[in-house]
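One structure is given here, and the rest of the page talks about it.
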Amino acid sequence: MNATTHQLPTSDEEIWRYSRIGELDLASFRDGSASTTVSGADGLGPAEVGDASSAPDVFAAMNAESPAVVGLRVPRGTVHPRTVEVLHDVDGDGVMVRPRLVIDAEENSEVTVVERFASADGTRALVLPVVEIRAAAAARVTYVSINELGRDAWMIGHQGAVVGRDARVRTFTVALGGDYARVRAEVRLVGQGAEAQQTALYFADGTQMHDFRTLQVHEAPRTRSDLLFKGAVKDRARSVYTGLIRITEQGTKSEAFQTNRNLTLSHGAWAESVPNLEIETNDVKCSHASTVGPIDEAQRFYLESRGVPPDVAERLVVLGFFDEVIDRLPAIGAVASVRSKVGTKLGVSR
Amino acid sequence: MTVLEIRGLHVSVGGTEILRGIDLTVRSGEVHAVMGPNGAGKSTLSAAIMGKPGYEVTAGTVTIDGEDVLALPTWRRAVAGLHLIMQYPTEVPGVRLLDVLGEALAARGGSTAGLDQRIAAEAVRINLDPSLTARAVNVDFSGGEKKRNETLQMGVLRPRIAIIDELDSGLDIDALRDCSRRVEQATAEDGLGVLVITHYSRLFDELRPDAVHILSKGRIVRSGGPELADELERDGYAAFA
């Protein structure tokens, strides 16, 4: 299958609005694969790839044609004792890679999976990943995605979680890398009492752009979703957040929360936040909040009035801003360095 | 011996002149109280001395031991020895006191060795629940906890001059006593000079002023000893307008 036969969307389409899709020259990439290593997966069985016909867009469809699949099936009733780490090192210049990760948590099982994407600055790459998460009844899945791609990599990724009765899925997305990195993150709560928590931390500088589209879909009663996305843009970087809470007629007595907060740290930086609600039933509890703005002047003055220099005050306030999301991250080795990496991006040595 | 000298200070906010020529001299170990009714310009004085954005000095000078304070950015004013205890201390989400004081001391070229213990010792002195010092600065603190925290920071940073803006607002009587007592002790122990801005004289039970200045419509209309506060208490501000 030649990927170049796919028809690319344009930014005229509403879901690609604000995106940089118009800059993508698919023909300039050759099909390739990342160096993928998996650790901590002993004892997990292979998982089946879901139905490709439901791919939400052309990039997910292209991924579905790729043989690069890591499948993790967590047997019924088991708590997987180790954190599974999946590292994709994108080391070929000019390649397109399409890794798929399938997490199939059977009834009453538990697993934590960290997926990391890395490449060197100067390596031109197009990364089109998909993660499929299926949590059967009472299963508990924690999934962490860390984008540490270099400055010349593009990512257009998809996260899809289907959450069954009384199951809980938590996803964390840390986006620090890439030239343009877009993630579509969808949770579908399909069983009564299903619960999802989505958290993201993103920080773009230079000419980077981070682009998120989130969907919280409640298709069963008494389901709960809680989304907290916090981002910062610096220099001439940009970010877009578009989020939708949809509660269908079946979603009575559900609760859905969506919060997106953005800091603009430079005059040339730009962030957009577009929250949406679509509710087809009564008797639900929903809220959404979104903010875009610079560092709070009063906080900056407070710290400076103690004798803290302005660049340090900015670092403290930005790290403090992200503290709420960093606090939610699971306490595992792979995420321990997130805070210091944010500090590095702020360009303060201490 | 440190001298904070304010000469002919005029300050405007949003194009409106609030302070119209203030002269004050505060020396080490002295407590000067600036008292006045609401709207007299009391808080403008503290904001202008610390360089808060939006407060424009249109004339006059402020110096500390001869150094031009107004030429310095805010953080350097603090490093030069000024400390502001705010009327409404700002909540700074996710930023811990230890980090703020560590950075503040580092900027002064001071040592941060044993900072944890110094904070804990000051917390005991000021009756602040030590667990609060591990939390984000001022976030979800009560009014009293905020002022105790401000006073604790003064104790750790050991400034030469403290500017205290409306210490008693939002404060219960116990917290007011603890905070004003700690400031009074610093005047004796460290030779701290104090410029305390207040509407009411109730904090003078513990923090004893050497001089009282009455501020009205942007000018100091009268200066005197502590007895002036008693006169105010008796006659009210109307007598000085």
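I need a count of the residues in the stretch A:190-223 that are assigned to a loop (DSSP other than H, G, I, E, B) and within 24 Å of A:Ser266 (Cα to Cα). I'd like the intermediate steps shown before the answer.
Going residue by residue through the stretch A:190-223, those that are assigned to a loop (DSSP other than H, G, I, E, B) are A:190-194, A:205-208, A:219-223.
Imposing the further condition that a residue be within 24 Å of A:Ser266 (Cα to Cα) reduces the set to A:205-208.
Adding up the residues that qualify gives 4.
On the given criteria, is B:Thr187 over 29 Å from B:Gly94 (Cα atoms), in contact with a Phe, Trp or Tyr (Cβ under 9 Å, 6 or more places away or on another chain), of a type in the set (Ser, Thr, Tyr) and more than 14 Å from chain A (Cβ to nearest Cβ)? No.
A:Val325 meets all of the listed conditions (1) facing chain B (nearest Cβ under 9 Å); (2) crowded, with 21+ Cβ neighbours inside 10 Å but one, namely (1).
Given the criteria more than 14 Å from every other protein chain (Cβ to nearest Cβ) and within 20 Å of B:Val221 (Cα to Cα), does B:Gly39 qualify? Taking the combined requirement at face value, the residue satisfies it.
Checking each residue in the stretch A:305-336 for being under 16 Å from A:Leu227 (Cα atoms) and free of Cβ contacts under 8 Å to residues at least 40 places away in the same chain picks out A:Asp323, A:Asp327. Considering (1) surrounded by 17 or more Cβ atoms within 10 Å (Cβ to Cβ); (2) at pLDDT 95 or above, the lone condition that B:Ala40 does not fulfil carries the number (2).
Kindly evaluate A:Lys285 against the criterion of being buried (at least 21 other Cβ atoms within 10 Å of the Cβ) and either more than 30 Å from A:Ser340 (Cα to Cα) or basic (Lys, Arg) (or both).
When the stated conditions are applied, A:Lys285 does not pass them.
Considering the stretch A:96-160, there are no qualifying strands (runs of 3 or more DSSP E) wholly inside with 2 or more residues that are aromatic (Phe, Trp, Tyr) and buried (at least 23 other Cβ atoms within 10 Å of the Cβ). Every condition in (1) touching a strand residue (DSSP E or B) at 6+ places or on another chain (Cβ under 8 Å); (2) within 12 Å of chain B (Cβ to nearest Cβ); (3) modelled with pLDDT under 95 holds for A:Val312 except the one numbered (1). When we screen B:Leu84, B:Leu45, B:Leu105, B:Leu132 for residues that are facing chain A (nearest Cβ under 9 Å), buried (at least 17 other Cβ atoms within 10 Å of the Cβ) and in a helix (DSSP H, G or I), the only hit is B:Leu105.
Checked against the criterion of being assigned to a helix (DSSP H, G or I) and under 15 Å from A:Phe301 (Cβ atoms), the stretch B:53-74 has at least one qualifying residue. For the stretch B:62-81, a residue qualifies if it is of a type in the set (A, V, I, L, M) and within 14 Å of chain A (Cβ to nearest Cβ), and the qualifying residues are B:Ile64, B:Val69, B:Leu72, B:Ala78, B:Val79, B:Ala80. Does any residue of the stretch B:51-61 turn out to be touching a residue at least 40 places away in the same chain (Cβ under 8 Å), within 14 Å of chain A (Cβ to nearest Cβ) and surrounded by fewer than 21 Cβ atoms within 10 Å (Cβ to Cβ)? Looking for residues that are touching a residue at least 40 places away in the same chain (Cβ under 8 Å), within 14 Å of chain A (Cβ to nearest Cβ) and surrounded by fewer than 21 Cβ atoms within 10 Å (Cβ to Cβ), one finds at least one in the stretch B:51-61, hence yes. Here is the figure for the stretch B:1-37: residues that are assigned to a loop (DSSP other than H, G, I, E, B) and surrounded by fewer than 23 Cβ atoms within 10 Å (Cβ to Cβ) total 8. Among residues of the stretch A:140-159 that are polar (S, T, N, Q), those with a Cβ under 7 angstrom from a residue that is outside any strand (DSSP E or B), sequence gap 6+ or separate chain, pair up as A:Thr142/A:Pro330; A:Asn147/A:Leu176; A:Asn147/A:Gly177; A:Asn147/A:Gly178.
The values are calculated or read from the model by the stated rules, or taken from the named source; none is laboratory data. These figures come from a predicted structure and were not determined experimentally. In this analysis, Cβ positions are derived from the backbone assuming ideal geometry, glycine residues included, and neighbour counts consider all displayed protein chains.
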